[in-house]
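Okay, structure first, notes after.
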Amino acid sequence: MIKKELTDAEIIAQGRAATKREAEERAAGLRASAVWYDHASEYLMMVLTSDRLLGVPVRAIPYLKGLTPAQLGSVTLSPSGGGLHWDDLDIHLSVPGLLLDALGRAEIVREWARTAGHVKSPARAKASRANGAKGGRPRKRTA
């Protein structure tokens with residue numbers, strides 16, 4: 001496979017796009033500002049950038065099963081807040097991934113789809129008017 005070398009302008013554009021995505025994810029609370037292991041509850045605790053506190057039971061994270069409290073307590077946060085790391089154990093977890101798992105991926109996808117269905121834009125309004133001029137949505141046929 002031949003790899004195309006990126007120009008300086010392309011590299012700068014990718015850097016700006018990544019910085020923008022990171023800022024959007026931080027604003028949406030998809031980053032952590034603090035993390036620790038709570039031995040009493042056996043939960044991995046995170047303060048999200050949305051100032052919400054999230055606790056995830058260690059038993060729900062397959063990679064962490066069987067670790068000692070001391071090992072679990074050695075968790076560190078990546079500088080961006082997007083990852084949790086146990087460097088000595090070579091375990092790295094994504095904060096957005098933990099959020100998806102904690103909240104239920106299917107429920108999140110359903111909510112995103114529901115929200116997207118309520119999006120109002122000039123293009124959507126125009127398409128709706130055009131569809132209405134054709135008689136609207138076809139009726140479902142019953143068998």
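Can you name the residue in the stretch 78-87 that is modelled with pLDDT under 95 and not in a helix (DSSP H, G or I) and is also nearest to the chain's Cα centre (by Cα) among such residues? Restricting to residues being modelled with pLDDT under 95 and not in a helix (DSSP H, G or I), the top hit is G82.
Checking the stated criteria, G104 turns out to be within 30 Å of V58 (Cβ to Cβ), surrounded by 10 or more Cβ atoms within 10 Å (Cβ to Cβ) and of a type in the set (G, A, S).
Does L98 satisfy the condition of being within 18 Å of D38 (Cα to Cα), of a type in the set (A, V, I, L, M) and modelled with pLDDT under 95? For L98, the condition - within 18 Å of D38 (Cα to Cα), of a type in the set (A, V, I, L, M) and modelled with pLDDT under 95 - is met.
Only one of the numbered conditions (1) among the hydrophobic types (A, V, I, L, M, F, W, C); (2) touching a residue at least 24 places away in the same chain (Cβ under 8 Å); (3) under 28 Å from A18 (Cβ atoms) is violated by V47, and that is (2).
Checked against (1) more than 18 Å from S74 (Cβ to Cβ); (2) outside any strand (DSSP E or B), A40 passes all but a single condition, namely (1). If you filter the stretch 43-72 down to residues that are in contact with a Lys or Arg (Cβ under 9 Å, 6 or more places away or on another chain) and part of a helix (DSSP H, G or I), you find that the one that is surrounded by the most Cβ atoms within 10 Å (Cβ to Cβ) is V58.
Taking S94, is it within 25 Å of A23 (Cα to Cα), touching a residue at least 12 places away in the same chain (Cβ under 8 Å) and of a type in the set (G, A, S)?
yes
The values are calculated or read from the model by the stated rules, or taken from the named source; none is laboratory data. What you see is a predicted model, and the numbers here were worked out from it, not measured in a lab. Using ideal geometry, Cβ is built from the backbone for each residue, glycine included, and neighbour counts are taken over all protein chains shown.
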